[in-house]
1. Do you know which residues across segment A:419-447 are acidic (Asp, Glu) and over 15 Å from A:Ile471 (Cβ atoms)?
2. Residue under question is B:Thr277, and the condition is that it be under 23 Å from the mean Cα position of the chain (by Cα) and modelled with pLDDT under 85; does it hold?
3. Looking at (1) modelled with pLDDT under 90; (2) closer than 25 Å to A:Leu6 by Cα; (3) part of a helix (DSSP H, G or I), can you tell me which one A:Leu193 breaks?
4. Please verify whether segment A:90-107 includes one or more residues that are modelled with pLDDT of 90 or more and under 19 Å from A:Arg170 (Cβ atoms).
5. Show the residue pairs meeting these rules: Cβ distance below 8 Å; 6+ apart or different chains; first residue within segment B:1-19 and within 14 Å of another protein chain (Cβ to nearest Cβ); second residue among the β-branched types (Val, Ile, Thr).
6. Which of the residues spanning segment A:84-97 are assigned to a loop (DSSP other than H, G, I, E, B), within 15 Å of A:Val51 (Cβ to Cβ) and at the interface with chain B (Cβ under 7 Å from one of its Cβ atoms)?
7. Would segment A:89-96 turn up any residue that is in contact with an Asp or Glu (Cβ under 8 Å, 6 or more places away or on another chain) and surrounded by fewer than 20 Cβ atoms within 10 Å (Cβ to Cβ)?
8. Scan (1) touching a helix residue (DSSP H, G or I) at 6+ places or on another chain (Cβ under 6 Å); (2) without any contact (Cβ under 8 Å) to a residue 40 or more places away in the chain; (3) farther than 30 Å from A:Thr58 by Cβ for the single condition B:Ala141 breaks and write down its number.
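The values are calculated or read from the model by the stated rules, or taken from the named source; none is laboratory data. Just so we're clear, the structure is a prediction, and the values are computed from it rather than from any experiment. Cβ placement follows ideal geometry from the backbone for every residue including glycine, while neighbour counts extend to all protein chains displayed.
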Amino acid sequence: MTDSVLTVDGLTVDFGPTPAVRGVGFRIDPGEVVALVGESGSGKSVTARAVLGLLPGTATVRGSARLGERELIGAPEPTLRQVRGREVSMVFQDPATALNPVFTIGRQLRTTLRAHRRLTRAQADAEAVRLLDLVGIPDPAARTRHYPHQLSGGQRQRVVIAIALANDPRLIIADEPTTALDVTVQAEILALLRDLRDRLGTAILLITHNMGVVAELADRVVVLRDGLVEEDAPVHRLFSAPARPYTRLLLDSVPRLGHRPPATPVTTDTDALRLTDLVVTYPGGRGRPDFRAVDGVTLRVGRGEVVGLVGESGSGKSTIGRVAAGLLRPTSGSARLLDEPLEELSRRDLRAARARLGFAFQDPGSSLDPLLTVAECIAEPLRIHGVDGATHRIPELLDAVRLPATHATRKPTELSGGQRQRVGLARALALHPDLLVADEPTSALDVSVQAAILELLADLQRDLGFACLFISHDLAVVDSLAHRVIVLRAGKVEEEGPHDEVLRNPRADYTRRLVAAVPAPAPPLTAASTH
Amino acid sequence: MTRYLLRRVPSAVAVLWLASVLVFLVLRAVPGDAASALAGPDATPDVVAAIRHDLGLDLPVAEQYARWVGGLLSADLGRSYLVGGDIADLVADGLANTLTLTLAALLLAVLVALVLGPLWAVSRGGWLDRALTAFHTAAVALPTFATGVLLILVFGVVFRLLPTGGVPPGGLLDRVDITAQYLLMPAVCLALPVSAVLTGFLAETLRAELRQDYVLTALAAGVSRRSVVFGHTLRNALPVTMTALGLQTGALLGGAVLVESIFAWPGLGLLVEQGITRRDYPVVQVLLMLSVAVFVVIQLLTDVAHAWLDPRVRLGGAR
């Protein structure tokens, strides 16, 4: 037992009267990658922060977390400061906010280095360059003089990892290190972490909700649920023979590429949406050239058809969604919404046309007015478009999205994320739209909730027959729902076709790379022999 | 940056022009007549009419305005009705005093904000938090004329520690220690509300910055809490605080008028006050235009400082 890097035992964290973590225990051996997996509210991030004493003052922490022989829980601040960044360091979710925007990369590395080591400025500079090189940043010496905003998302995360590695720690705690990144970048960062573990022997505590990431990187998995350990098992056993029903539910909820039988193509000549040579530009700030978010896209969604629009960040998929919902006018090209040319519609005509359009947003938390009740939220489009008998429709709509009628009088803040998204769907479908634009409707949700919402959406579409433009960065989610798929890259269409062809036998080089980058929710078989 | 500044010039000119029209019209709308005020209560209508003609007040308003602006553009600020001298000379006399006072107040306000702002940001719910809240509320709420009179009463009359008003007899530069004694009360009086607003703004901005992810990154890297506040968040809070400071200079300029009258500080504020009570339009017009111009320039400087402090503005937006 003594040779483990970190031993957590009976860890309990309370925020006031609400327990967040209730007696969690696990251990990490040198060079081992342990994944702490769970849905939101399971206590995985709180556990990690409690270990380093980084929780706000309102938290009470009990139990034990030993780094080697040293107890960290209740240790005085100076001791913890010695540990933080020196023996245990952290990598956070969003590299865009994890770096201080007003300091250069080099300065931020130097600060960390000199917090623990006596180095001259020149030595620290040299060490910063070595670290940037170690994490695969090209031309590291020049990069030390750059500010975070001058780097891409993937490079920023590499810098965050370089900072974590600065003082040669025994353990890196990585809290959702790839969640804010595109899949191709995620694949690079996962490869980097694996490589660093192999080369430097650093143990990693990986906190994630993504089973694909777990399968790619972890040696052992600790599944958390409501602040308790559900299961603690080697990664292969967990995926092949989960001991607990909850683990099985988690694994079954993960959408997988290529598991759905090919959908029957929708053959119709009537269009729900037709974009021809669509161009949308955003003005550049302060003398910079305009930004072409959408650059000559032609696409069509037939009546009753579900078209998946996939692409990485900056591909223009959300901009197309806004045009399709009549929220944004094209810079050039034409957009026909339900056979009406968007560019010729007056403001009033457009408002009337919106009655036949539904829009489902990514974050149900911020797209519902917190001051209205659920019933008022759903009734709003009916009221705006002067539909009578709105009150009679509420129970019917709530029933359609499988929410109990008693929820009508609640406020959105009293609902869970999944319930809120159901309310959002009920609102989008209140007017029986002919076209639903859904922009990442499940990416803010936990996997088990996501699975339920996707199933609901598929059922509703089959029953009501609306056309749907489904926008997502998640290829597996799109594969589970769409008839046809369109792959976007930098504002242009890269590939288009039936979902089973595009996502299983991609022709375009870029699509092939995208599909390959999706982490498979099962550990690689080659590694199985070593365990 | 130069191009960005050049783009701002048209709007700055527009603001100045609009201000000149407003200043001119508002002063014409003030009840009372400059000519009869000048002529005195016993003057005959003929005398008043002669004075009015002499000052050009019998011309159409548009023509009066055109003459005034034309003069300003050719660097002729006009002549005071009352004193008779060139306004440029009057302004030059008061300018040094007012600059000394406002700069001292500005410095004081910035120092107070830089010390109390971070302290307030990190003290949550303790006695320090309550004390600073009380200071903030009192300093923002108390009008300058009340604090000024109170200060004079306490330190000038009861304890007789500081002079109750005026400027040092030998001039500002004669003996610095004496100048400091004369300057202290008016500067504190002028700085108080500005320092409170700045302190509150800086503390609030710092609290928001302390919730940012990079703070957690720094803490997790073993950086001490103190250097996180002073090294990381303060630097991030400065650009916006700079903008708030720019807006507060307006409050300083306005406050100077009151403070200078309270402490008999012979600066531009006192000149404005005298000009208004004696209906000396040309003097008031020029001084108001001057303060507008100062404000416009400070706004430009604030933007430059903001860009200089924030690399995201300086080196172009995020990609």
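1. Selection gives A:Asp434, A:Asp446.
2. yes
3. Unmet condition: (1).
4. Yes, segment A:90-107 contains a residue that is modelled with pLDDT of 90 or more and under 19 Å from A:Arg170 (Cβ atoms).
5. Note: pairs meeting the criteria are B:Met1/B:Val304; B:Leu5/B:Val304.
6. A:Gly85, A:Arg86, A:Phe92
7. Yes, because at least one residue in segment A:89-96 is in contact with an Asp or Glu (Cβ under 8 Å, 6 or more places away or on another chain) and surrounded by fewer than 20 Cβ atoms within 10 Å (Cβ to Cβ).
8. So the condition that B:Ala141 fails would be (1).
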